[in-house]
1. Which of the residues belonging to the stretch 205-233 are surrounded by 15 or more Cβ atoms within 10 Å (Cβ to Cβ) and either basic (Lys, Arg) or within 24 Å of ASP120 (Cα to Cα) (or both)?
2. Among the residues of the stretch 76-116, how many are buried (at least 17 other Cβ atoms within 10 Å of the Cβ) and small (Gly, Ala, Ser)?
3. Considering only the stretch 129-173, state which residues are of a type in the set (Phe, Trp, Tyr) and more than 12 Å from the chain's Cα centre (by Cα).
4. How about the stretch 150-245: which helices (runs of 4 or more DSSP H) wholly inside it have at least 1 residues that are more than 20 Å from PRO140 (Cβ to Cβ)?
5. Yes or no: ASP125 modelled with pLDDT under 95, open to solvent by 10 Å² or more (accessible area, probe 1.4 Å) and of a type outside the set (Val, Ile, Thr)?
6. Spot the failing condition for GLN62; the list is (1) open to solvent by 10 Å² or more (accessible area, probe 1.4 Å); (2) under 18 Å from LEU192 (Cβ atoms), and only one is missed.
7. Got at least one residue in the stretch 22-32 being modelled with pLDDT of 85 or more, within 19 Å of LYS78 (Cα to Cα) and either surrounded by fewer than 17 Cβ atoms within 10 Å (Cβ to Cβ) or not small (Gly, Ala, Ser) (or both)?
8. For residues that are farther than 25 Å from LYS85 by Cα and aromatic (Phe, Trp, Tyr), scanning just the stretch 128-159, find the one that is least open to solvent (accessible area, probe 1.4 Å).
Amino acid sequence: MSTIQPMRNKPEEIAKDVLKNIETLSENPANVKDYARFYKDKEEFITLTTPVIRQLAKDYFQNIKKADKQYILETCDKLLALRDKNCTHIAFDWAFRIKKHYQKDDLERFEKWVEKYLDDWSSCDDLSTHALGYQGWKFPENIKRLYEWTSSGNLWVRRAAAVSLIYSVRRNTNIGAAFKMADNLLTDPEDLVQKGYGWLLKETTKHQEKAVFDYIMQNKQKMPRTALRYAIERMPRELKAKAMR
């Protein structure tokens with residue numbers, strides 16, 4: 001691996017160096033895997049295995065962790081611009097590692113990432129359940145912006161709006177926002193968006209099972225079956241039966 005010296009190497013130089021190492025690692029069959037079976041629309045989806053990409057992200061971050069937040073986020077921008085799946089996951093990994101330094105206006109950068117770089121459920125959920133989710137949890141006043149995403153023509157933007165609240169509801173916060181988000185996406189035609197807000201409701205049951213059950217019973221005539229099944233997954237058998245009846 002190349003020696004990276006933050007503030008001497010420009011962000012684009014670091015990004016290119018990361019990509020070079022990804023290409024080298026990918027030459028070893030033991031380091032790659034075809035994940036196509038997890039994506040119904042892909043015949044082939046070969047990337048570095050999860051342990052390998054995580055280790056690479058960790059090793060590189062050791063070289064830049066003392067740099068300022070802006071430098072690290074700009075480097076993430078350059079990684080994302082390479083349009084390589086491995087680089088995308090490294091960028092989102094680094095962004096989450098500096099979460100304690102987030103400011104309210106960092107949402108603007110994350111919103112650009114959502115609109116420009118999310119093109120499958122893995123990248124969407126990676127960003128949403130980590131960096132974006134933490135940002136909404138730390139600055140709940142920003143959640144109102146996420147409601148606007150639910151009217152986007154981009155299904156990944158709509159899914160990100162829902163999934164980004166999972167970080168909060170797992171900590172029993174912003175529960176009201178979860179139900180409002182479900183309201184906004186209730187009849188969304190895309191199954192991946194339905195699964196997204198269904199997952200959000202499922203996570204909410206950990207702390208608010210009755211509230212989620214009541215919500216489902218009030219809306220099940222309009223709620224798509226896919227969303228409903230996801231939402232009730234962790235409920236007791238008798239509640240599942242009532243919801244599915």
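1. LYS220, MET223, PRO224, THR226, ALA227, LEU228, ARG229, TYR230, ALA231
2. 2
3. First pass over the stretch 129-173, keeping only residues of a type in the set (Phe, Trp, Tyr): 134, 137, 139, 147, 149, 156, 167.
Of everything in the stretch 129-173, those that are of a type in the set (Phe, Trp, Tyr) and more than 12 Å from the chain's Cα centre (by Cα) turn out to be TRP137, PHE139, TYR147, TRP149.
4. Numbers: elements: 155-163, 166-169, 175-185, 191-219, 225-231, 237-244.
Helices (runs of 4 or more DSSP H) meeting the threshold: 155-163, 191-219, 225-231, 237-244.
5. Numbers: modelled with pLDDT under 95: no; open to solvent by 10 Å² or more (accessible area, probe 1.4 Å): yes; of a type outside the set (Val, Ile, Thr): yes.
So ASP125 does not fit the description; no.
6. Tallying (1) open to solvent by 10 Å² or more (accessible area, probe 1.4 Å); (2) under 18 Å from LEU192 (Cβ atoms), GLN62 fails exactly one: (2).
7. From the stretch 22-32, those modelled with pLDDT of 85 or more are 22-31; that's our starting set.
Subsequent filtering for residues that are within 19 Å of LYS78 (Cα to Cα) retains 22-23.
If we keep only those that are either surrounded by fewer than 17 Cβ atoms within 10 Å (Cβ to Cβ) or not small (Gly, Ala, Ser) (or both) as well, we get 22-23.
For the stretch 22-32, residues modelled with pLDDT of 85 or more, within 19 Å of LYS78 (Cα to Cα) and either surrounded by fewer than 17 Cβ atoms within 10 Å (Cβ to Cβ) or not small (Gly, Ala, Ser) (or both): present.
8. Among residues in the stretch 128-159 that are farther than 25 Å from LYS85 by Cα and aromatic (Phe, Trp, Tyr), the one least open to solvent (accessible area, probe 1.4 Å) is PHE139.
The values are calculated or read from the model by the stated rules, or taken from the named source; none is laboratory data. These numbers come from a predicted model, not from an experiment. Quick reminder, even Gly has a Cβ in these numbers, built from the backbone with ideal geometry, and neighbours come from all protein chains shown. Accessible surface is based on the protein model in full, side chains and every heavy atom, while ligands, DNA and RNA are left aside. Shrake-Rupley method; radii C 1.70, N 1.55, O 1.52, S 1.80 Å.
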